[in-house]
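The values are calculated or read from the model by the stated rules, or taken from the named source; none is laboratory data. Computed from a predicted model, the values in this text were never measured in an experiment. Reconstructed Cβ throughout: ideal geometry from the backbone, glycine too, with neighbour counts over all protein chains shown. Just the protein is used for accessible areas: all its heavy atoms, side chains included, with ligands, DNA and RNA removed. Shrake-Rupley method; radii C 1.70, N 1.55, O 1.52, S 1.80 Å.
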Amino acid sequence: MRVTFTVNGEERVVDDVWEGESLLYVLRERCGLPGSKNACEQGECGSCTVYLDGTPVCACLVAAGQAEGGTVRTVEGLAEGHRLDPLQEAFVECGAVQCGFCTPGLIVAAHDLLARTDGVPADTEIREALAGNLCRCTGYEQIIEAVRLAAGRGAGPS
Amino acid sequence: MSMEFLRPATWAEALAMKAERPDARPIAGGTDVMVELNFDRTRPPALLDLTAIPELATWNTDIVPGWIRIGAGMTYTRIIEELGGMFPGLAIAARTVGSPQIRNRGTIGGNLGSASPAGDLLPVLLANRGAEVWVESVRKKAGPYPVYDFFTGPKRNLLAPDELIREVRMRVTHGPEQFAKIGTRNAMVIAVCSFALTLDPGEREVGTGIGSAGPTPLLAFDAGEYLAGELDWEGAGPLDDRVARRFGELVAAAANPIDDVRGTAEYRRHALSVMARRTLGWAWADYRKGAAECA
Ligand SMILES: Cc1cc2nc3c(=O)[nH]c(=O)nc-3n(C[C@H](O)[C@H](O)[C@H](O)COP(=O)(O)OP(=O)(O)OC[C@H]3O[C@@H](n4cnc5c(N)ncnc54)[C@H](O)[C@@H]3O)c2cc1C
Ligand code: FES
Ligand code: FES
């Protein structure tokens, strides 16, 4: 089937999509956007987190056809050209990226938290917002620090 | 294998499609269906996507006085944000579901459709004495099933192949509500067992619901009757510890748990009696606070 949707501001028409395919597969394998990662395909790890119509979701649990006419924003759509989003910069500075597999999903989930929060969110709020994202490397402390740092620098809605 | 993707834009269209293709699998948030698809556990000949039907994702309180209608497509996140004031127990349960991403997508209709004994909203619906699941098909006009009749076994419910879940209706009681769930961690956890409690000060009745301790979500009917008769509704005095203990025992007795990977039957019974006592303590404290404010 054909799926037409907007990805990172650009309209995409994707053909030959299998009806049972996930949005994650469409993004990675058909749109050339491998930022969103595929680790579990069952909603447990959050590494595939993208915005769908402004709401963070697991792209592995969205059927491709459910995105028809919708608007998707992936981690690739957060930086402006070569200028990283302040949150991405904070991740780099804090050592919140080791193998990096969890990073795109965490960035999108944290980006949403900052967009919803005035000022620096409490640690409990950060932990709650990122509860759906697993990281096997960092132990999370650096990630939480990065979110705090970006929030402190006024990284809000963008 | 080829599969069809059906995407009705209206409820009438959805019913017509389901009548024509009873083998089409409804998909709402996809948080259960997509896992099955991704792992090759299901290959339905068609998917029937319900997310493009605007009225499914709405709620309102103006159909029957004292009742709310919650569309099947309401997500956990919206239930927490929009209905938490009216139904604190429903919101507490919704907050324990999965993760933010799962709550943004998963729906109340999907929880009923999956009919897992561990579905976290289900004990809360049971505790809302009289809550109804409204289903509809082209063949039969919309009608209610009492929630306690809706589940027929593990992951089985009364839905006929041509029927869809349209909405849930709950009584608005304005009473204290609580929910507690046992799991190995805070996020992303299937209940080892859970318990929901509603105190209905207007009717002086007690509603109960047990999750994950039987083939279906269960009522603890005798426990509720006992408690309703023992509570000091009038004087709003302190809770009698013996009453709380007896209530816990009756809740545990109403469960029908098994041993499985998440816990033993004995542990589940014990945990239920503890959760019943604790939720009662919290709910009764709420009640007394309310009574003091009114006095
Ligand atoms: C990582 C993860 C964590 C989870 N954690 C929890 C948890 O903590 N607690 C919990 O209770 N659940 C949990 N779940 C399960 C799931 O999120 C819930 O059961 C959710 O309510 C399903 O809703 P959905 O809209 O995503 O359903 P879908 O997957 O779209 O559908 C579920 C079932 O219901 C049917 N269906 C959906 N809507 C209708 C309708 N209107 N009419 C008829 N049939 C319909 C579908 O055909 C399917 O059989 C979790 C799932 C995942 C992936
Ligand atoms: S790949 Fe989607 S949540 Fe893990
Ligand atoms: S950096 Fe390796 S999983 Fe998070």
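Descriptive notes on the structure:
- Averaged per residue, chain A has 43 square angstrom of accessible surface, using a 1.4 angstrom probe with ligands and nucleic acids left out.
- Label point distance in nm, B:ASP222-B:VAL261, each placed 7 Å from Cα along Cα→Cβ: 3.4 nm
- Amide H contacts of B:TRP59 (H built 1.01 Å from N, in plane; Pro and chain starts excluded): B:GLY71 sit under 5 Å, all sequence-distant by 5 or more or on other chains.
- For the protein assembly as shown, size of Cβ-based charge dipole, Lys and Arg +1, Asp and Glu -1, in debye: 560 debye
- Cα coordinate range in segment A:3-77, projected on the principal axes (Å, largest first): 29, 24, 19
- Computed per residue of chain B from DSSP H runs no shorter than four, each worth -39500 (n - 2.57), the mean residue ellipticity at 222 nm is -11000 deg cm²/dmol.
- Karplus-based coupling profile of segment B:129-139, in residue order and whole Hz: 2, x, 4, 10, 9, 9, 10, 8, 8, 4, 6, with θ = phi - 60° in 6.51 cos²θ - 1.76 cosθ + 1.60 and x standing for Gly or Pro.
- Across the protein assembly as shown, Cα-Cα pairs farther apart than 39 Å form 25% of the total.
- Here each label is just a point 7 Å from Cα along the line to Cβ, and for B:ASP23 and B:THR42 those points are 1.5 nm apart.
- Using a probe of 1.4 angstrom and keeping all protein chains present, the accessible surface of chain B works out to 43 square angstrom per residue.
- Phi angles of segment B:183-189 translate, via the Karplus equation with coefficients 6.51, -1.76, 1.60 and θ = phi - 60°, into HN-Hα couplings of x, 7, 8, 7, 9, 6, 9 Hz per residue; Gly and Pro are given as x.
- Cα centroid separation, segment B:201-261 to segment B:59-85 (Å): 25 Å
- Per-residue extension of 0.36 nm, minus the Cα-Cα distance of B:THR58 and B:GLU82, leaves a gain of 7.6 nm for this segment.
- Helix-only arithmetic for chain A: the sum of -39500 (n - 2.57) across DSSP H runs with n ≥ 4, divided by the residue total, places the mean residue ellipticity at 222 nm at -8000 deg cm²/dmol.
- Segment B:107-148: trypsin sites (Lys or Arg not before Pro) in DSSP loop, at most 14 other beta carbons within 10 Å: B:ARG139, B:LYS140, B:LYS141
- Long-range amide H partners of B:ARG25 with built H, under 5 Å: B:ALA46, B:LEU47, B:LEU48
- Distance from the alpha carbon centroid of segment B:97-133 to that of segment A:86-124 works out to 30 angstrom.
- Descending semi-axes in whole angstrom, ellipsoid equivalent of segment B:177-294, from the Cα gyration tensor: 26, 14, 11
- Inter-site label distance for A:ARG136 and B:ALA291 at 7 Å from Cα along Cβ, in nm: 5.5 nm
- Dividing the Cα radius of gyration of segment A:58-147 by 2.2 N^0.38 Å, with N the residue count, gives 1.12.
- Plainly put, segment B:73-161 has a radius of gyration that is 0.97 times its Kirkwood radius, both from alpha-carbon atoms, as the Rg/Rh ratio.
- Low-density loop positions, chymotrypsin sites (Phe, Trp or Tyr not before Pro), segment B:27-70 - DSSP coil, at most 15 other Cβ in 10 Å: B:PHE39
- Size estimate for segment B:112-201 follows the Kirkwood approach: the inverse of mean 1/r over distinct Cα pairs works out to 14.3 Å.
- Largest-first ordering by accessible area, 1.4 Å probe, given options B:HIS270, A:HIS111: B:HIS270, A:HIS111
- Among the trypsin sites (Lys or Arg not before Pro) found in segment B:22-84, those both in a DSSP coil and sparsely packed, with 16 or fewer other Cβ atoms within 10 Å of their Cβ, are B:ARG41.
- Amide N proximity, segment A:53-75 versus A:TRP18 label position 7 Å along Cα-to-Cβ, cut-off under 17 Å: A:60-66
- For segment B:106-117, putting each phi into the Karplus relation 6.51 cos²θ - 1.76 cosθ + 1.60 with θ = phi - 60° gives couplings of x, 10, 5, x, x, 5, 6, x, 6, 6, 6, x Hz, in residue order, rounded to whole numbers and with x for Gly and Pro.
- Size descriptors for chain B (Cα atoms only): Rg and Dmax, in that order, 19.4, 67 Å.
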